[in-house]
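The values are calculated or read from the model by the stated rules, or taken from the named source; none is laboratory data. Small disclaimer: the values here were computed from a predicted structure and weren't measured. Here the Cβ positions follow ideal geometry from the backbone for every residue, glycine too, while neighbour counts run over all protein chains shown. For the accessible areas, the whole protein counts, side chains as well, though only heavy atoms, and no ligand, DNA or RNA atoms are used. Shrake-Rupley method; radii C 1.70, N 1.55, O 1.52, S 1.80 Å.
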Amino acid sequence: MQSLVRDRTCGTCTACCRVLEIKTLGKPAGTLCEHNTGAACGIYKNRPAACAKWHCLWRKVEALPDELRPDRSEVMFSLETAPTSEDPFLRARIVGRALHGPDAFERWEAIEAIGMFVREGSLPVWTAFGSVASLIYPEPTRADHLRDAIRHPHAARNRGHEEEAAAWRLRLGYGAAPQEANLPGTKSPLGRLDSSPETGETHFATGTAKLFNGTKG
Ligand code: SF4
Ligand code: SF4
């Protein structure tokens, strides 16, 4: 399990208790958990294991600015996985979820965080509001070129795609049990991130608008 950033606590943030689906509680995404008091978990000592082990990336990645705390920046970043997804760029992904509206992605805190994840480059980066999401990295046209090369490595049509697709295949856990995959690499400034359980997602084509919910498990 990746350690949490020292001296960084949730405080009164309860974003994940509203934004994420929690299957063990039967709580849908986008509604505040019935156990939440508005400022904390009302069943903290007895909360489900899914809640106890889940943390957003602000709690895990020290390089993210303090101001990015989800209730203050209005964006919550998390690592999500869907190891059997048809779309390679959904198998493991960083998602920034706006809490109240997509304007939050124009604030400096979110711009800085997205820029950092894109520069780091290990995993696809998405932004989402509600159940509608957009692929930021790789850039959608590039992603369209890469999807087939990642899924069918021997059918890659050009050398550039073949090499890039091979690197993505490693990072996205193809050919290895997802929990053993290096997501992202140990040299990554993100470190080795914990993966969340597979999300319930909708199947869709290769456009940039996607539909999926995040989940704690
Ligand atoms: S979204 Fe992050 S900071 Fe907020 S309560 Fe959840 S884990 Fe804590
Ligand atoms: S049970 Fe889980 S989702 Fe509900 S308030 Fe507690 S930590 Fe949040």
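Check each of the GluC sites (Glu not before Pro) in the stretch 70-178 and keep only those in coil by DSSP with at most 15 other C-beta atoms within 10 angstrom; list them in order. Spell out each step's value before the answer.
Details: sites: 74, 80, 86, 106, 109, 112, 120, 162, 163, 164; in loops: 74, 86.
Qualifying residues, ordered by number: 86.
As a test of reading the structure, rank 116, 76 by solvent-accessible area (1.4 Å probe, protein chains only), most first. Intermediate results must be reported in sequence, preceding the final value.
On the way: 116 40, 76 0 Å².
Descending accessible area places them as 116, 76.
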Ignoring ligands, DNA and RNA, how do 117, 105 rank by accessible area with a 1.4 Å probe, largest first?
105, 117
I want to check the label-to-label distance for residue 45 and residue 134. Put each point 7 Å from Cα in the C-beta direction and report it in nm to one decimal.
4.7
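Which FRET efficiency value, to the nearest 0.05, do you get for residue 112 and residue 158 by plugging their Cβ-Cβ distance into 1/(1 + (r/R0)^6) with R0 = 25 Å?
Numbers: r = 34 Å, r/R0 = 1.37.
The computed FRET efficiency comes out at 0.15.
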For the stretch 67-169, give me the percentage of DSSP beta bridges that are antiparallel, rounded to the nearest 5 percent.
70
Accessible-area value, residue 7, 1.4 Å probe, nucleic acids and ligands omitted, Å²:
150
Chain lengthening between residue 71 and residue 6 when straightened (0.36 nm per residue, less Cα-Cα):
21.5 nm
Subtracting the Cα-Cα distance from 0.36 nm times the residue separation, let me have the gained length for residue 32 to residue 100 in nm, one decimal.
23.2 nm
